[in-house]
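Laboratory data are not the source of any read-out in this text; all were calculated from the coordinates shown. Note that the coordinates shown come from a computational prediction; the quantities given were computed from them, not determined experimentally. All Cβ positions, glycine included, derive from the backbone under ideal geometry; neighbour counts span all protein chains shown.
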Amino acid sequence: MLNNIDINQMNRLMEENKDAKQIITQLLENHHTSVSMIAHEIRNPLTLVSSSLQIIEAQHPEVKEFHNWSQTMEDVRFMCDLLNELSSFNNSSTLHHSVFSIEKLLKNIAVSFAISLDAADSHIEFSSKIIPGMGDFTGDKIKLEEVFLNLLQNAKDAVGAEGRISLSAERRNDTIVICCQDNGCGISEDQIETIFDPFVTYKENGTGLGLSSAKRITEAHGGTIQAESSSESGTVFTVTLPV
Ligand SMILES: Nc1ncnc2c1ncn2[C@@H]1O[C@H](COP(=O)(O)OP(=O)(O)O)[C@@H](O)[C@H]1O
Ligand SMILES: [Mg+2]
């Protein structure tokens, strides 16, 4: 998989040489199609395996006693999540534009996230400050939602059982600036260099695709995403989107 340095180098080559641009564009299209096909071909049998395991568990609850059962269920769930994340990573640069209120989108995300914390009896303190007056926004609503949910999910993983997470957003001239801040474990200086690369994860059950998708989606909107972190105060991700 290409990392961000490779992608910058590839973009430079494409700018410098028309033939290289044509070949690289074709290769990227082939690569995109191959990943879609592989994900699709694996997803179908995996969905069947997952459904069968659930039926077995429902009809024979005693299987839960088998010492490898819960690990197997977890592994299958992980593979399903991985395939979903791989598909959204693969499609993250293809946008379906519509005009919508980003203020409303962020408020809905904040409400859903707060509800999910409540439902899980979490002690995490969550606050949001979405400043009105952002105006209409043109972009891919579903993909942007994915960006903010990824950031909130990472913040949740970082703070553990207790901690603070905040989501804030405001319009600054011709940009919308969204910050997701937490007071969690932070990211070390050497890790922060790599967190936006695909498949880079420092979690036991991570896929390493959340931030790479978030970066691709943000950049496809002409925006930027940055992380600042320290082990004392936690982490803040700032997404800037041009209006
Ligand atoms: N808010 C955060 N606090 C601390 N570390 C983070 C945070 N967000 C991301 N990270 C680090 O960046 C890595 C990559 O994140 P991501 O691409 O979402 O993949 P995953 O969550 O599957 O590991 C994580 O494994 C984690 O080490
Ligand atoms: Mg993640």
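For segment 190-233, trypsin sites (Lys or Arg not before Pro) are listed when DSSP marks them as loop and at most 13 other Cβ atoms sit within 10 Å of their Cβ; the list is K203. Bin width 5 Å, origin at 0, all Cα-Cα pairs of the chain: what percent of pairs per bin? Answer for the chain: a P(r) of 1, 6, 11, 14, 16, 16, 14, 11, 6, 3, 1, 1, 0 percent.
Centroid-to-centroid, using Cα positions, segment 62-91 and segment 34-50 are 13 Å apart. On the basis of the beta-carbon distance and an R0 of 22 Å, E193 and N11 show a calculated FRET efficiency of 0.70. Working note: Karplus 6.51/-1.76/1.60 with θ = phi - 60° gives segment 216-223 the couplings 4, 5, 4, 5, 5, 8, x, x Hz, where Gly and Pro are set to x.
Phi-derived couplings, Karplus 6.51 cos²θ - 1.76 cosθ + 1.60 at θ = phi - 60°, listed residue by residue for segment 158-168: 6, 8, x, 5, 10, x, 10, 10, 9, 10, 10 Hz, with x used for Gly and Pro.
Checking the a/c ratio against 1.5 first, then a/b against b/c, what shape does the Cα gyration tensor give for segment 158-243? Note, shape of segment 158-243 comes out oblate.
Our coupling estimate for segment 48-55, obtained by passing each phi through the Karplus curve with A = 6.51, B = -1.76, C = 1.60 and θ = phi - 60°, is 5, 4, 4, 5, 4, 4, 5, 5 Hz, Gly and Pro reported as x.
For segment 1-54, which trypsin sites (Lys or Arg not before Pro) pass both filters: DSSP loop (anything but H, G, I, E, B) and at most 13 other C-beta atoms within 10 Å? Don't jump to the answer; show the numbers that get you there.
Numbers: sites: R12, K18, K21, R43; in loops: none.
For trypsin sites (Lys or Arg not before Pro) across segment 1-54 that sit outside H, G, I, E and B with at most 13 neighbouring Cβ atoms in 10 Å, the list is empty.
May I ask for the longest run of the chain untouched by GluC sites (Glu not before Pro) that are loop-located per DSSP and have at most 15 neighbouring C-beta atoms (other than their own) within 10 Å? My reading of the result: 1-192 is the longest stretch. Between A220 and K64, the contour length at 0.36 nm per residue exceeds the Cα-Cα span by 51.6 nm. Sum -39500 (n - 2.57) across every DSSP H segment of at least 4 residues in the chain, then divide by the residue count to get the 222 nm mean residue ellipticity, nearest 500. The per-residue figure over the chain is -18000 deg cm²/dmol.
For segment 85-243, give the share of DSSP beta bridges that are antiparallel, in percent and rounded to the nearest 5; count only bridges with both residues there.
On the way: 27 of 35 bridges.
Close to 75 percent.
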